[in-house]
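Everything below concerns the one structure shown next.
The values are calculated or read from the model by the stated rules, or taken from the named source; none is laboratory data. All of these numbers come straight from a predicted model, not from anything done at the bench. Here the Cβ positions follow ideal geometry from the backbone for every residue, glycine too, while neighbour counts run over all protein chains shown.
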Amino acid sequence: MPKPTVSIHTITTSYGASDIRVFEPSSYDDILGTVVTVHPWSFLGGGEHNTIGLARNMSTRGWRVITFKLKSTPLYLGGAIGGILFRHYHEVNHVAEVVEWAFEQYHTKNDTSDHRMVLLGSSAGAPFAGSAMAKIQQHQHAKIAAFIAVGYTFGHFASLGFGRHFSSVVGNSASNFCGSSSSSAEDNEEIPPKYFIMGENDEFTSVEQLESMVARMKSVNPNCKVEVDVVPSVGHFQLESPNYDPVVAEKVVQWLQDTIF
């Protein structure tokens, strides 16, 4: 299998310089789209290394994949506790700025609607990605074609830290992200399809809890396209491990092929 090409770009964000790694297929003339990955929260031991294996695997299947080191809430603003209290403002904004850069850098110049921009969050990075998606769709010109969560932290204990992000993907009566009560074709086109992958033995979220959240999404907006994929006999951290990068990559690529093409 051909190795992807990897380039590093240093961009300026509201939180200083950020190094962006871009993995691109070497054997595809037409790249299918761009996937921006969001790694697990650094305060819980996550880092860019958690998404590089996935990026390598997906980029051999036609996708441009971006990884970066997510800026966490600084200690002078309370660090981890400050992040929770302020809805991880720094993390969410950083994701949104990287997506905006990617859109400006790679979208089709003559027809922006032709570009496919996908957000993929892993573990606690998934709630940040979901809130960034809502922010992007509301306030920026980049459009999200799909949202993917690997091990979204929907569980009761996890909700203490990340529960304020749930409405961004679950929706409410005022939201247009699987949450709009409008049935117009124009509104429904704005709702990105969502794909949740989790291990059957996830230590933070049970299969029943995930299915309950998905049922809520569909009850708020029946037109919301959501799919759940449970990997048998696998835990939360196993699914994040390099051993499962090929499995997750294959599932993501196949779902994208079936869903947004």
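A few points about this structure:
- Cβ pairs under 7 Å, 6+ apart, first in the stretch 16-35 and free of Cβ contacts under 8 Å to residues at least 24 places away in the same chain and in a strand (DSSP E or B), second surrounded by fewer than 18 Cβ atoms within 10 Å (Cβ to Cβ) and not basic (Lys, Arg): Ala17/Thr10
- Qualifying residues in the stretch 164-188 (those that are part of a helix (DSSP H, G or I) and loosely packed, with under 15 Cβ neighbours inside 10 Å) - the one modelled with the highest pLDDT: Asp187
- Some residue of the stretch 61-69 being in a loop (DSSP other than H, G, I, E, B), out of contact with any strand residue (DSSP E or B) (no Cβ under 8 Å at 6 or more places or on another chain), over 21 Å from Arg164 (Cα atoms) and at pLDDT below 95: yes
- The residues listed here are Val247, Val252; of these, the one that is at pLDDT 95 or above and crowded, with 20+ Cβ neighbours inside 10 Å is Val252.
- Residues satisfying the stated conditions in the stretch 1-31, i.e. under 17 Å from the mean Cα position of the chain (by Cα) and of a type outside the set (Phe, Trp, Tyr): Ile20, Arg21, Val22
- Only listed residue being at pLDDT 90 or above and assigned to a loop (DSSP other than H, G, I, E, B), chosen from Ile191, Ile144, Ile148: Ile144
- Counting only residues that are assigned to a loop (DSSP other than H, G, I, E, B), in contact with a strand residue (DSSP E or B) (Cβ under 7 Å, 6 or more places away or on another chain) and within 21 Å of Leu120 (Cβ to Cβ), the stretch 194-224 holds 2 of them.
- Residue list for the stretch 12-28, restricted to those being crowded, with 17+ Cβ neighbours inside 10 Å and either under 12 Å from Met58 (Cα atoms) or in contact with a strand residue (DSSP E or B) (Cβ under 7 Å, 6 or more places away or on another chain) (or both): Ser18, Ile20, Arg21, Val22, Phe23, Glu24, Pro25
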